[in-house]
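The numbers here are math on the coordinates, done by the rules we state, and not lab data. None of these values were measured; they are calculated from a predicted model. Note that each Cβ is placed from the backbone with ideal geometry, even for glycine, and that neighbours are counted across all protein chains shown.
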Amino acid sequence: MQPIAMTVLFVVAFGAFGFTLLGRWRLMRAGPWDLPFDQPGERLRRMAKFALGQWRLPRHKLAGIAHIFIYAGAVIMLLRAMILFARGFIDNPHFGYWLFDTGTPLGGLYSFVKDVLVVLVMVGILIFLYYRVIRYLPRLNLNFEGVLILMILSGLMLSDVLYDGATIARYGDHASVWEPLGSLAAIPLRDLPQQSIVFWQHLGFWTHVGLILGFMNILPYTKQFHEMTAFFNVYFQPLGPAGCLPNIEDIEGMVEREETLGVRRIDQFGAKAVLDFFSCTECGRCEDQCPASNTGKKLSPKDLTGALRDFGYKHQWVLGTGGNGQDGNGEPAPHLADLVGNVIDPEVLWACTTCRACEQECPVFNSYVDKIVNLRRHMVMEQGEFPAELQNAFKGLETVGNVYSFANEERADWAKGLEVPLMADKQEVEYLYWVGCAPSFDDRSRKVARAFAELMKEAGIDFAILGPEETCTGDSARRAGNEYLFQMCAQQNCETLNQYKFKKIVTTCPHCYNTLKHEYRDFGGNYDVMHHTDFLLELMRQGRLKPTQPVVGTVVYHDSCYLGRYNDIYDSPREILKSIPGVKLVEAKENRDRGMCCGAGGAQMWKEEEPGDMKIYQKRTKQMLAPLPDTSSSCTIASACPFCMTMLTDGLKDLELEEVRQLDVAEILLRSVRGDAQKPATEPSTAEAQAS
């Protein structure tokens with residue numbers, strides 16, 4: 001072709017691209033360098049599965065398939081770009097790095113696959129145009145950028161076909177099954193004068209090359225930057241337990257050294273967080289599943305990420321240059337401004353339930369909860385700014401070890417009449433039952449604790465409780481941003497637990513389960529922890545619990561976020577319910593890892609919801625009622641979390657449907673194991689009646 005023109009184009013395009021990437025690199029290096037490099041084999045496996053294999057995209061079927069078409073076409077077109085770049089320097093229209101030369105077996109196969117994918121890419125583009133222009137999806141950002149990118153992709157595909165067609169027509173090549181699109185495009189060009197054919201060949205070539213290099217340069221300024229960064233983002237995703245929050249070490253020392261607790265400024269986000277900003281595709285899948293977004297709150301995970309990203313882009317050239325935080329006039333430096341209040345509305349942060357529905361849905365494994373909690377940490381521990389209702393919860397945790405502010409000496413009162421032993425008396429048991437705050441102090445949750453204790457006694461389990469020695473795990477404090485209070489609870493509980501001997505901890509609270517199992521490891525607490533649904537199913541399989549008596553009724557099961565998305569426990573509660581004679585288990589449309597949060601997580605249990613169209617728990621209750629045949633006493637919403645039980649019970653009250661009962665899986669199982677035969681799943685059990 002024209003080597004001089006190609007050289008000039010390369011120098012300009014790659015020079016501009018390199019300058020842009022330098023700015024992005026400065027932004028990544030402004031904060032802590034926290035990219036993990038452990039377990040390379042597992043990281044490569046996940047990258048192959050989720051980045052190369054696009055494993056999460058088919059969750060949105062039509063859009064996911066369209067993206068896979070375009071993605072596959074882009075991968076194939078990378079080789080095409082390399083071939084055309086080479087042809088720009090040499091006068092050989094059939095050159096393909098020898099292996100892929102026109103006429104060779106591999107060259108022919110590649111050309112055929114390329115043409116097939118060109119068609120699929122165009123189909124994908126039409127699907128995306130349909131969603132952006134005709135049937136607008138609210139989760140998408142409706143702007144010119146999205147349409148422009150689709151037009152560029154269309155231009156790339158069409159210019160490639162034009163170049164192939166003109167090349168075939170110019171050199172008199174015959175139509176080939178290996179180049180179906182090029183052969184078709186050559187038909188109307190064959191009868192043109194040679195000079196015209198050359199013009200169309202050059203137009204196709206330079207349009208294609210120009211669009212590639214131009215697209216490369218606009219990538220870092222658009223959501224399409226994820227095409228370059230998503231592979232790295234998937235590779236560097238955390239490999240530990242889902243949703244584990246970063247631990248702040250030496251809080252007291254940080255306070256003395258006047259170091260920031262949590263995140264205050266954009267340059268305090270680590271390299272992985274910035275990589276998340278780069279990789280956001282603005283697809284809105286996170287927003288689609290976010291319970292706050294779906295009930296009209298200000299929070300949108302997509303917009304939160306976009307706001308932080310755009311602020312970083314704006315100041316990337318001055319970040320990491322040091323200074324005292326002031327500009328030349330003694331005013332606060334714009335790039336070191338507090339994010340909360342200037343970039344992010346506090347109401348956005350406090351609307352989050354930490355349910356991880358956004359993270360479960362993100363195709364490039366962006367995280368959101370850790371960023372929100374880190375911003376909360378600074379607000380709570382340094383600014384003292386948080387919803388007023390949380391003051392009572394914090395005070396209760398700090399003074400008496402529970403958010404209900406009851407005397408801790410009352411922790412074992414729920415077990416009166418059941419002869420449940422204390423660890424202080426036994427010292428060593430097979431199972432330690434971690435009761436938790438709600439089952440210890442909340443009247444409704446106490447009935448669940450009694451039912452579970454009765455089941456363990458029925459199975460002959462050697463267990464005990466801590467009673468007054470147990471304090472709150474601190475989960476709500478940590479998610480609310482009060483890391484200092486959480487660590488105080490964690491250290492105290494680990495000291496208590498480590499003085500006793502037991503094989504396993506079992507608990508009825510998913511929040512306690514998650515904290516004890518995963519987050520106490522940083523404080524010397526390495527425990528084998530089971531949720532009571534896993535434990536009960538194991539006892540049933542061993543024949544130690546036999547659900548023989550019918551419990552008549554239709555039951556729909558609600559998935560707890562901290563049991564499901566955090567710990568992948570979906571089947572155990574369902575298997576228990578399916579094993580109970582008389583129970584007809586039905587499913588809500590929003591179930592398993594797409595089950596909507598009840599609205600209690602992330603310390604929402606202890607505060608009022610932010611303004612919105614409706615309460616989260618109200619919407620979730622309506623979803624759970626949808627698959628039930630009616631709203632009579634023969635229908636039950638089952639759960640396996642005390643927080644969820646409270647929220648769903650409130651939802652039924654608001655809807656004036658209290659005849660539909662809300663029961664824990666353990667309560668339903670006890671009816672079948674102990675008797676109460678032929679009673680609907682909504683009638684009180686023996687344990688419930690005793691507790692009342």
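So if each residue of separation counts as 0.36 nm, and I subtract the Cα-Cα distance between residue 252 and residue 190, what length gain in nm does that give?
So the extension gain works out to 14.3 nm.
Residues of region 652-667 with amide nitrogen under 13 Å from the 7 Å Cα-to-Cβ point of residue 458?
665-667
Among DSSP beta bridges whose residues both lie in the chain, state the antiparallel percentage, nearest 5. Walk me through the numbers on the way to the answer.
Numbers: 1 of 28 bridges.
Taking every DSSP beta bridge within the chain, about 5 percent pair in antiparallel fashion.
Give the residue from 634, 527, 464 lying farthest towards the positive end of the charge dipole for region 392-691; charges sit on Cβ (+1 for Lys and Arg, -1 for Asp and Glu) and the dipole is referred to the Cα centre.
The residue sitting most towards the positive pole is 634.
Each label point is 7 Å from the Cα along the Cα-to-Cβ direction; what then is the distance between the points at residue 5 and residue 131, in nm?
Those two pseudo-labels are separated by 3.8 nm.
Using Cα pairs under 8 angstrom and six or more residues apart, how large is the relative contact order of region 392-691, in percent? Before the final figure, lay out each step's value.
On the way: 577 pairs, mean separation 56.5, N = 300.
So the answer I get is 19 percent.
Based only on other Cβ atoms within 10 Å, what is the fewest-to-most ordering of 26, 257, 190?
257, 190, 26
Once you sort the root eigenvalues of the Cα gyration tensor of region 234-353 as a ≥ b ≥ c, which label holds: rounded (a/c under 1.5), prolate (a/b larger than b/c) or oblate (the other case)?
Prolate is the answer for region 234-353, as a/c is 1.5 or above and a/b outweighs b/c.
How far is helix 443-458 tilted, in degrees, relative to the longest principal axis of the Cα atoms in the chain, given as a value from 0 to 90 rounded to the nearest 10?
Between helix and principal axis, roughly 80 degrees.
To make sure I understand the rule: partners must be lysines, Cα under 22 Å from the Cα of residue 546, and not fewer than 8 residues away in the same chain. Which ones qualify?
List returned: 447, 457, 578, 584, 679.
In Å, what Rg and Dmax follow from the Cα atoms of region 392-691?
In order Rg, Dmax, the Cα atoms of region 392-691 give 18.2, 52 Å.
By how many nm would the segment from residue 544 to residue 203 lengthen if fully extended, with 0.36 nm per residue of separation less the alpha-carbon distance?
115.0 nm
Within 10 Å, count the other beta carbons around each residue, average over each peptide in 574-583, 271-280, and list them highest first.
Ranked from most to least packed, the peptides come out as 271-280, 574-583.
What number, in nm² with one decimal, is the all-direction average of the projected area of the convex hull of the alpha-carbon atoms of region 3-235?
For region 3-235, averaging the hull's shadow over all directions gives 15.4 nm².
Based only on Cα atoms, what mean projected area does the convex hull of the chain have, in nm²?
About 35.9 nm², averaged over all directions.
On full extension of the chain, what length is gained from residue 39 through residue 389, given 0.36 nm per residue of separation minus the C-alpha to C-alpha distance?
Computed gain between residue 39 and residue 389 is 121.7 nm.
Can you tell me the order of 614-621, 371-378 when each peptide is scored by its average per-residue count of other Cβ atoms within 10 angstrom, highest first?
Most protected by this proxy first, the peptides run 371-378, 614-621.
Please determine, in degrees from 0 to 90 and to the nearest 10, the orientation of helix 61-87 with respect to the longest principal axis defined by the Cα atoms of the chain, where the helix direction is its Cα long axis.
For helix 61-87, the angle is close to 40 degrees.
For the peptides 460-471, 337-348, what is the packing order when you average, over each peptide's residues, the other Cβ atoms within 10 Å and list the highest mean first?
Result, highest mean Cβ count within 10 Å first: 460-471, 337-348.
Let me check I've understood the local charge: for residue 60, count other residues with C-beta under 10 angstrom from its C-beta, Lys and Arg +1, Asp and Glu -1. What total comes out? Before the final figure, lay out the partial values.
Numbers: positive: 56, 59, 61, 139, 285; negative: 288, 361.
Value of the local net charge: +3.
Listed here are the pairs 416/517; 302/589; 371/395; 223/314; which of them are more than 22 Å apart at the Cα? Mind dumping the intermediate values first?
Working: 416/517 28 Å; 302/589 24 Å; 371/395 25 Å; 223/314 16 Å.
Among 416/517; 302/589; 371/395; 223/314, the Cα-Cα distance tops 22 Å for 416/517; 302/589; 371/395.
Once both axes come from the Cα atoms, what is the angle between helix 665-674 and the longest principal axis of the chain, in degrees from 0 to 90, rounded to 10?
The answer is roughly 50 degrees.
Can you give the FRET efficiency to the nearest 0.05 for residue 495 and residue 407, using r as the Cβ-Cβ distance and R₀ = 30 Å?
0.90
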